1. Every residue in segment 183-207 that is surrounded by fewer than 21 Cβ atoms within 10 Å (Cβ to Cβ), of a type outside the set (Val, Ile, Thr) and touching a residue at least 24 places away in the same chain (Cβ under 8 Å), please.
2. With respect to residue 219, is the statement that it is assigned to a loop (DSSP other than H, G, I, E, B) and either open to solvent by 50 Å² or more (accessible area, probe 1.4 Å) or not small (Gly, Ala, Ser) (or both) true?
3. Kindly provide the set of residues from segment 173-202 that are within 23 Å of residue 248 (Cα to Cα), more than 20 Å from the chain's Cα centre (by Cα) and in a helix (DSSP H, G or I), ordered by number.
4. Could you check how many residues of segment 555-568 are assigned to a helix (DSSP H, G or I) and in contact (Cβ under 8 Å) with a residue 60 or more places away in the chain?
5. Starting from residues that are under 22 Å from the mean Cα position of the chain (by Cα) and open to solvent by less than 10 Å² (accessible area, probe 1.4 Å), keep the ones in segment 295-320 and report whichever is nearest to residue 549 (Cα to Cα).
6. Kindly indicate which of 479, 486 is surrounded by fewer than 19 Cβ atoms within 10 Å (Cβ to Cβ), at pLDDT 85 or above and over 30 Å from residue 632 (Cα atoms).
7. Quick check: is even one residue across segment 35-42 at pLDDT 85 or above, in contact with a helix residue (DSSP H, G or I) (Cβ under 6 Å, 6 or more places away or on another chain), in a loop (DSSP other than H, G, I, E, B) and crowded, with 16+ Cβ neighbours inside 10 Å?
Amino acid sequence: MPEQEAEVTSAGIARLAGVGRAAVSNWRRRHGDFPRPVGGTQTSPTFALPEIEEWLRRNGKLAEVPLRERLWQLVEAREGGTAAGGGALAATLARIGEQLLDHGGRAPEEAGPIAATAAALAEETSPADAFGFLLDRYLDTVSRQHSPTPPETAALMAALAGPAATVLDPACGSGALLAAARGTEGRDRPAELLGQDTDGPLARLAGLRLALRGGSAVRVRTGDALRADAFPDRSVDAVLCHPPFNERHWGHDELAYDPRWEYGLPARTESELAWVQHALARLRPGGTAVLLMPPAAASRRTGRRIRAALLRRGALRAVIALPAGAAPPHSLALHLWVLVRPGGPAAPDPRLLVVDAAGPHHRADGRRPVDWPALQRTVLDAWAAFADTGAAAARGGQGIDVPGVRRTIPAIDLLDEEVDLAPARHLPPPAETAGPDALGEVRDRLRESLLRTHELTPALPALPAPAGPGGGQAAEPASAAPGGWSTVTIAELARTGALQVHTVSADETLPEPRPGDIVVPLLGDGTAFAQVVTEASAGRRSAAPGDRHTGLLRPDPAALDPWFLAGFLRNTRNTRQASSYASTASRIDLRRLKVPRLPLETQRAYGRCFRGLAAFEAALEHTVALGRRYVQGAVDGLTDGTLPAPRHD
């Protein structure tokens, strides 16, 4: 499509200028020279992209457009916007991927605007990074249809599976799990990556994503792996899978006599157990499979016979509970099942490892991100200790178990009428809350925390009204009423150099947080919990380096007070106006968040107030945690006999 014919929607204009859609509507009403629509509908018009760019530059609303944003605008405009559907976008992305695979950073002869821009971006970064950016943006656009496995969860699953020469994902989607198995530079990579998915366009994109990274032979096929397995004669070293959940039409009737059901025919309502057995059937003896499973699969009565058979034969080795938000659907605390195909050199192990990584790392209110480094240590340390079969068997499990976190259970102890494998059911509470002495210590700490919380309860002072310009951002006149000041977006602040904005795209990572930075979760319930990194917290990561759902702001201290900035970013109205609700979890557009234009001294006055509120909130949460711990410990002690019976008069 010639560049002069490219069209852009109001949403695309907003992204180009780093503003909200309301601002674009306002420009259309207020400026008579704003370009006229050239297509679309009355409610969703489209505009000529060159005309829009010229108008934005003429009015000082468009800095130099980043090359990758320019490429996405051309791709989106080529297909008439995202409203045209994901199929056309996927086809365009596939053509770009094939071009990058064939030509890399060189534009093919007679290249159009899209091909030339894609080649330029590949030259600036790399072909793999250029395509990775487009794929990430595409997945965000069609989030209702496709919910990719987050990179942190994928990396954890690949680590549990261990090194493997051949890796299969029979429901590969966009290829996130296979990309994690491939790993990074300096690591032994699989010789072959195999994938299959029912979505043909997505399977094509997954194959290109993996092929552009190189280092492994890639074969990704289209089709339903349960009904039409693309690799029926292959035995692989590892299977990674995030199967579709709760599918009733997975082929129960037509596959009733399939040889893959070594452990029993799955019920019509147990599609996940069909995927488990498919994974085992494709493993070589001794090979490992890691599947992301809904929590109900560990306890539904319809699946108890298959779970029992998996335990008896030593195929199911671990069930690991993850916190809610670790993977879609984000409302569920999903499980990881680790399985090993019987018949390898090691003798079958009649024990099951259960790990509860949900408790200490959960999202208390949907606003704090999962502490991935801590969660990964919890899970991988437990698996490493359990996998040392010789030493573990000699100890009878001693030294492996950690109360409340992990436990090894003899399979015979689980073979009852329910065969319930949910980790929370089998993990006793930590011993530190049991007994009079331990509870007395908790009570003393609770009293101290209550006093500390009382001392930190902030009195909100009357702050000075916004003053005249000076010391930082321009301000409204001193007579302006509180809240009546003008505002500036994060995108505008970034363009003026007042701060740096860091988000994750493709294989990029967040920089190491340092004091004065602000970490902002981008997924949640519409309320961003922006946190200022302090000297005490600088060594602790509040987000994994590859967390695509976290942003990092690095303000210039000569222009912006970080506590002032974090406080206004947390404002409910602010975050709701900058959020999109295209999926079950809202996503915040970090660049659309706004702060008032205030001089630096006034910012610092607000910052001191916000800092006091943050200290009070932290103390309050600590007090609540101690109180709950004290109450639960007392209830457990009274009911299990470790505390004396209460006296009765």
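1. 183, 188, 189, 191, 192, 199, 201, 204
2. No, not satisfied.
3. Correct list: 200 only.
4. So the count comes out to 1.
5. 320
6. 486
7. Yes, because at least one residue in segment 35-42 is at pLDDT 85 or above, in contact with a helix residue (DSSP H, G or I) (Cβ under 6 Å, 6 or more places away or on another chain), in a loop (DSSP other than H, G, I, E, B) and crowded, with 16+ Cβ neighbours inside 10 Å.
Residue by residue, here is whether (1) out of contact with any Asp or Glu (no Cβ under 8 Å at 6 or more places or on another chain); (2) among the aliphatic types (A, V, I, L, M); (3) without any contact (Cβ under 8 Å) to a residue 24 or more places away in the chain holds:
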residue: 261; (1), (2), (3): yes, no, yes
residue: 274; (1), (2), (3): yes, yes, no
residue: 284; (1), (2), (3): no, no, no
residue: 290; (1), (2), (3): yes, yes, no
residue: 293; (1), (2), (3): no, yes, no
residue: 299; (1), (2), (3): no, no, no
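The values are calculated or read from the model by the stated rules, or taken from the named source; none is laboratory data. What you are looking at is a predicted structure, and each value in this text was computed from that prediction instead of being measured. Neighbour counts are summed over all protein chains in view; Cβ atoms, including those assigned to glycine, are modelled from backbone coordinates with ideal geometry. Ligands, DNA and RNA are stripped out before the accessible areas are found, and what is left, the full protein with its side chains, is counted by its heavy atoms. Shrake-Rupley method; radii C 1.70, N 1.55, O 1.52, S 1.80 Å.
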